[in-house]
Amino acid sequence: MKLWLAKQRYLIDFTLASLARRKTRNLGLLAVYTVLVFMLSSVTLYTHALRQEAARVLTASPEVIVQRMVAGRHDLIPPGYIEKVGRIRGVQKIEGRLWGYYYDAVTKANYTFMVPAENAPVAGEIVVGPALERSRGLAKNNGISFRSYSGKLHSFIVADVLPQASELISADLVLMSEASFRAFFDYPVGHYTDIALSVANPQEVRNVALKLAAALPDARPILRDEVLRTYASIYDWREGIVLALLSAAILAFGILAWEKASGLSAEEKREIGILKAIGWETGDVIKMKFWEGLLISLTAFLAGFVAAYVHVFHFAAALFEPVLKGWAVLYPRFQLTPHIDGLQVATLFFFTVVPYAAAVLVPIWKAAITDPDSVMRS
Amino acid sequence: MRPVDRAIAVLVAGIGAFALCFVDAARLRATAGPDEVERTRLVARLRLTDLALFTEARYTRHPSQADLHSAFQDHPLALEHFPTGSLIAPPGGLTDPSLRVGAGGKAP
């Protein structure tokens, strides 16, 4: 074992000296390889963390939301509808939600106006989200006016600002009392935007939704599972778009690596010929090249991954932010909580390190099994 | 120092930094714990259904609640107006109708 280790150490010594002889070429390859791993890792780390964030936070969203559809459009819930939904067996808790959109011409942004089911502000007061506080320069106890869709100006006092930590879900929220909401939007009495349901037995959620769709054909139940699936697919899609854009870079690297790995230079061939002539075995030559491939690909993987981690979780993915996050007038400021998926890292390792280490070996094996004399002369 | 020792030192440092990423991730998760509880509590209290990422249209602000025709609200062959619409996927129920409640399913 000791002898084997000593032999490998000498082989690595020789490999490093050989790499140093073509320093510029090998450093260039290492740099391109590292940048490629960095880009792929940044995209996977970012999208995985955002998917996890959405999945964890939205597990607390209502089990079922019921919308009423008229001519294919979401319509208001009329009086008496909530009672009909409540008669369906398995429904534990039912409440009408009041919320809507408001376009603010000052900031050219849409806000979500909402009436909280619990602890609603008193009439004439509002609680605003952190992005709205920033964009309108608001603070607690400030006054603000919004012109409603009927043309009337409504003034509110900002009773509170939602915590900064919740910005990812509350950036554009304006919470108000039911009376203020109905007055602002001229919302008919007894009508609601949609219905939030909770089901007694979590196993029965789908059955309750099916019963509901059968009993009220104009109802559209949206399960929490569907909400979570929507968020998973949003970031699968976005990750796919970024990877599609990166595919040109991946292809370019593939060509570079293949060129380097498959086309041995005359100098490398001569080196192999000399090594064989002075008594190296084919196995030793292959081992030497194996170490070369492994050292380059492992160094590139480690450097690229660590740089991607720091980029995504300590510099908020500044390089890919516009593509990965998207944009909006009121964009939430948030710091992602790191969640590293072991399987994702393993896949990345497998697809970046293994192909290169393997691609290096094939041409070397071909050169190493030919006669040293002919290799040196060619 | 032999080149092999220098190479091993570089690789060990790299593996150390790689392992530190996982340690740092655990540390940041622990630090972010109370904020996450706060977010989850707010989602439960306000019965929220979506992240406030893209506010330009109702189907990008609440993609999970968007009705099936919202992206083509002007006419059936209308092109998408908003940049987000080309970056986020359509709701799951739209692309895979079999997953939608009430689509082909029967009430027990």
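Details
- Positive-pole candidate from A:SER145, A:GLY240, A:ALA183, dipole of chain A, charges at beta carbon: A:GLY240
- GNM top mover of A:GLN67, A:GLN203, A:GLN164 - chain A, alpha-carbon springs below 10 Å: A:GLN203
- In units of the rule-of-thumb radius 2.2 N^0.38 Å, chain A shows an alpha carbon radius of gyration of 1.49.
- With a 10 Å cut-off around each Cβ of A:104-116, the average count of Cβ atoms from other chains is 2.
- Peptide A:272-282 - average C-beta neighbours from other chains (10 Å radius): 0
- Across peptide B:58-64, the mean count of Cβ atoms from other chains lying within 10 Å of each residue's own Cβ comes to 6.
- Cβ crowding within 10 Å averaged over residues, with A:149-156, B:23-30, A:358-365 ranked highest first: A:358-365, B:23-30, A:149-156
- Evaluated with a Cβ-only charge set (Lys, Arg +1; Asp, Glu -1), region A:179-243 carries a dipole of roughly 100 debye about its Cα centre, given to the nearest 20.
- Full-extension gain in nm, A:TYR10 to A:ALA159, via 0.36 nm per residue minus C-alpha separation: 46.3 nm
- Partner aspartates and glutamates whose Cα lies under 14 Å from the Cα of A:LYS269, excluding those fewer than 8 positions away in the same chain, are identified as A:ASP371, A:ASP373.
- Calculated from the alpha-carbon coordinates, region B:1-48 shows an Rg and a Dmax of 20.2, 64 Å respectively.
- Nearest-ten-degree value, helix A:23-57 long axis tilted from longest Cα axis of chain A: 20
- Ranked packing of B:1-7, B:61-67, most packed first, by mean Cβ within 10 Å: B:61-67, B:1-7
- Remark: region A:208-213, residue by residue, has Karplus-estimated 3J(HN,Hα) of 4, 5, 5, 4, 5, 5 Hz, where x stands for each Gly or Pro and the curve is 6.51 cos²θ - 1.76 cosθ + 1.60 at θ = phi - 60°.
- Residues A:MET288, A:MET39, ordered by accessible area of protein heavy atoms at a 1.4 angstrom probe radius and largest first, appear as A:MET39, A:MET288.
- Label-point separation, A:ALA20 to A:LYS140 (7 Å along Cα→Cβ), nm: 6.5
- Extension gain for A:TRP365 to A:LYS108 (0.36 nm times residue separation, less C-alpha to C-alpha distance): 86.0 nm.
- Over 27 Å between alpha carbons, listed pairs A:LYS93/A:LYS152; A:LYS23/A:LYS276; A:LYS23/A:LYS366; A:LYS84/A:LYS152: A:LYS93/A:LYS152; A:LYS84/A:LYS152
- Dipole check for the protein assembly as shown: with +1 at the C-beta of Lys and Arg, -1 at the C-beta of Asp and Glu, and the Cα centre as origin, the magnitude is about 700 Debye.
- Accessible surface buried once B binds A (1.4 Å probe; total of both sides; Å²): 7000
- Once the 1.4 Å probe is applied to the protein heavy atoms, the protein assembly as shown comes out at 46 Å² accessible per residue.
- Whole-Å distance, taken between Cα centres, linking region A:128-144 and region A:206-246: 33
- Cα gyration tensor shape for region A:123-221, rounded if a/c is under 1.5, else prolate or oblate: oblate
The values are calculated or read from the model by the stated rules, or taken from the named source; none is laboratory data. Please read these numbers as outputs of a predicted model, since none were measured by experiment. As a convention, Cβ positions derive from the backbone with ideal geometry for all residues, glycine included, and neighbour counts pool all protein chains shown. Remember, those area values only see protein heavy atoms, side chains included, never the ligands or the DNA or RNA. Shrake-Rupley method; radii C 1.70, N 1.55, O 1.52, S 1.80 Å.
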